[in-house]
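Peer 1: Once you've had a glance at the structure underneath, I'll fire off some questions.
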Amino acid sequence: MATYVDVKKYTEAPIDVPLAERGIYQWSLKSDLADYISNILPNKVKSARKQQNYSEVAEELRSKIFPYAAADLTVGGARSAFDSLSKLTSAPKIHTMLVRAIINEKYVYAPLAMLAAGSGIEKKINGVYPLHRENYDISHCIDQWTIVYPQELYPLSDMAFDEKVH
């Protein structure tokens, strides 16, 4: 199951409308995305790099993540999500998306930025991939830590700090 949330639409929509009208789109993937990303996609990217043309790989990745036929104009989860993502990336700024791909209880890196190479996405997407959650019980205490840092630390200037905070 895949889910895409259009945050702008979600925050502006009344709470009593259906999920799709609130910008929450869900659909089923038609193939094993984890296997594709881990085993098939790297070879396709290598081949595309030699040809210096990533458009076919980008479109194939789109078809795996958002499985709908290009001629399919019906509004459905995958089509609506992709259309929403396309509109988002046509804006003047580069957007950052939170991406969490969990397939068969494994975290998978979903290379959404590659979609900008020719699948209908106009600009690069910056993906933020949160670390997966780790749980440790008392019997598995971590007792040794190694901290690595350079001999000299260069602090952020006040100006750089002010730009980040304010």
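Where a number appears in this text, it was derived from the coordinates with a stated rule and is not lab data. Since this is a predicted model, take the numbers as computed values, not measurements. As a convention, Cβ positions derive from the backbone with ideal geometry for all residues, glycine included, and neighbour counts pool all protein chains shown.
Peer 1: With a 10 Å radius around each residue's Cβ, average the other Cβ atoms per peptide and rank 115-124, 31-40, 13-22, highest first.
Peer 2: Put in order of decreasing packing, that is 115-124, 31-40, 13-22.
Peer 1: Between residue 56 and residue 102, what is the label-point separation in nm under the 7 Å Cα-to-beta-carbon projection?
Peer 2: So the two model labels end up 3.6 nm from each other.
Peer 1: Measure off 7 Å from each Cα along the Cα-to-Cβ vector at residue 86 and residue 38, then give the distance between these two points in nanometres to one decimal.
Peer 2: Taking the two extended label points, one gets 3.2 nm.
Peer 1: Listed here are the pairs 30/93; 8/46; 46/123; 9/123; which of them are more than 26 Å apart at the Cα?
Peer 2: Values: 30/93 32 Å; 8/46 36 Å; 46/123 22 Å; 9/123 20 Å.
Going by Cα-Cα distance, 30/93; 8/46 fall outside the 26 Å limit.
Peer 1: Could you give the length gained by full extension between residue 129 and residue 93, i.e. 0.36 nm per residue of separation minus their alpha carbon distance, to one decimal place?
Peer 2: Going from the current span to full extension adds 11.0 nm.
Peer 1: Contour minus end-to-end for residue 21 and residue 122, with contour as 0.36 nm per residue of separation and end-to-end as the Cα-Cα distance?
Peer 2: Contour length minus the Cα-Cα distance gives 34.0 nm.
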